[in-house]
Amino acid sequence: MLSPDLPEEFFNEIQDIFRKGPVLLVGSGFSCGYGLPSMGDLAEHLANTVDDVLTTAEARNAWAQAIDAIKGNLEAGLNNIPLGAAGWTEIVSAIRSETARLILEKTVAAESRILQEKTDEGHAPSRLLKWLFDGSPQNSEGIHVITTNYDTLLELFCDLAGLPLDTGFTGFRWRKPRPRPIFQNHYNQIWVAEKRQQRFDYRLCKTVRLYKPHGSISWLTTDEGPMEVLNDTATTGRAIVVPGPSKYQDALVNRLFDEMRTAMNTALANAQALLCIGFGFNDDHLQGVIKDRLAAGMPAIIVTRDPTPNIEQLLGEHPHVIAIFKDGDGSVCRWNGSMLPCPESLWQLDDFLRKFLE
């Protein structure tokens, strides 16, 4: 839908990016819109709860020394606790447990609200996923969705859209990660008429490949390795990469996280375009490959409420990237060095879809 306040060329460029079948990157800003905690909320929760579950004097002392910095900036504050410090292992365990507890609680509440909300056209995330899925080539492996979030909202929105989802695990109730490669193509067996006879043929079956490089509240640590278990309300033993000093160690020493990150980087390296929803570009896990692709001219769209310093730096280095932010009661679109004001809230996914795609 064209608009007198935005140039036609701007619409055309956004629609051309969607025709390229962008990789979808979803950050914490997306989940915050459904009541999940921001990094500031998580920092406050940890500051109020971790000390109560620490049992050793060493862990309590190390935590007390870092608490003020944690309240100001969660990740930077946690990085003040050096790897190998006395009590460090206990602190990381407590952070993981309390993080999982909060995310589980908020996810259950958010999913309940989503399921109770009746919409004639469907929820915006489901519409976006279906639009990307239906627009992907029929002979492709599907679409690639990356999220740094621990929650399972994207899994729910795939279900509501009726889309086949691949998380890298196989099974039903007690799902194990696939052996390498963690994501594999799926095929349907069909009958094909050939001259006067029929034969079996195999056709590629598209899926939504969901990459979670920081883990998920649905991933449990077990003696057999990480498992994906749905609707388990226990808060201990979650396979999630927590902020702070253990972040990169977790990802490097755990085979599942290593496989997930490798598959994710391959998807990004092959991406023809990128769509970022609620992602602030504050995560070094993802920055390297993305920046290399942007430097090579890969088109990208960023849709989020507020620009972070890292987004501002990225736009300065790669002015071809389109960004849409909140501005008063409306929004502002950043495009090739220009700032285009718009009275509509295009930073909200529903308004964005109605404006440019539907």
Q. Of the heavy-atom accessible surface of the range 23-143 (probe 1.4 angstrom), what whole percent is carbon and sulfur?
A. 50 percent
Q. Hey, which of these cross-link pairs are over 23 Å Cα-Cα: Lys118/Lys206; Lys20/Lys291; Lys20/Lys206; Lys130/Lys212; Lys20/Lys130?
A. Lys118/Lys206
Q) With contacts defined as alpha carbon pairs under 8 Å and 6 or more residues apart, what's the relative contact order of the range 282-339 in percent? A) 28 percent
(Q) Can you show me the helix-derived [θ] at 222 nm for the chain, built from DSSP H runs with n ≥ 4 at -39,500 (n - 2.57) apiece and divided by the number of residues, rounded to the nearest 500. (A) -13500 deg cm²/dmol
Q) Under 19 Å from the Cα of Lys326, which aspartates and glutamates turn up, not counting those fewer than eight places away in the same chain? A) Asp5, Asp306, Glu312, Glu344, Asp350, Asp351
Q: Sort the following peptides by mean Cβ neighbour count (other Cβ atoms within 10 Å, averaged over residues), highest first: 304-310, 203-209.
A: 203-209, 304-310
Q: Give me D for the chain in µm² s⁻¹, whole number, from Stokes-Einstein with Rh from the Kirkwood sum over alpha-carbon pairs, 37 °C and 0.692 mPa s.
A: 150 µm²/s
Q) Looking at the square roots a ≥ b ≥ c of the eigenvalues of the Cα gyration tensor of the range 81-165, which shape do they give, rounded for a/c under 1.5, prolate if a/b is larger than b/c, or oblate? A) oblate
Q. Tell me, what is the per residue accessible area of the chain in Å², probe radius 1.4 Å?
A. 48 Å²
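The values are calculated or read from the model by the stated rules, or taken from the named source; none is laboratory data. All values reported here derive from a predicted model rather than from experimental measurement. Cβ coordinates were reconstructed from backbone atoms using ideal geometry, including for glycine residues, and neighbour counts include every protein chain displayed. Keep in mind that these areas ignore ligands, DNA and RNA; they rest on the heavy atoms of the full protein, side chains included. Shrake-Rupley method; radii C 1.70, N 1.55, O 1.52, S 1.80 Å.
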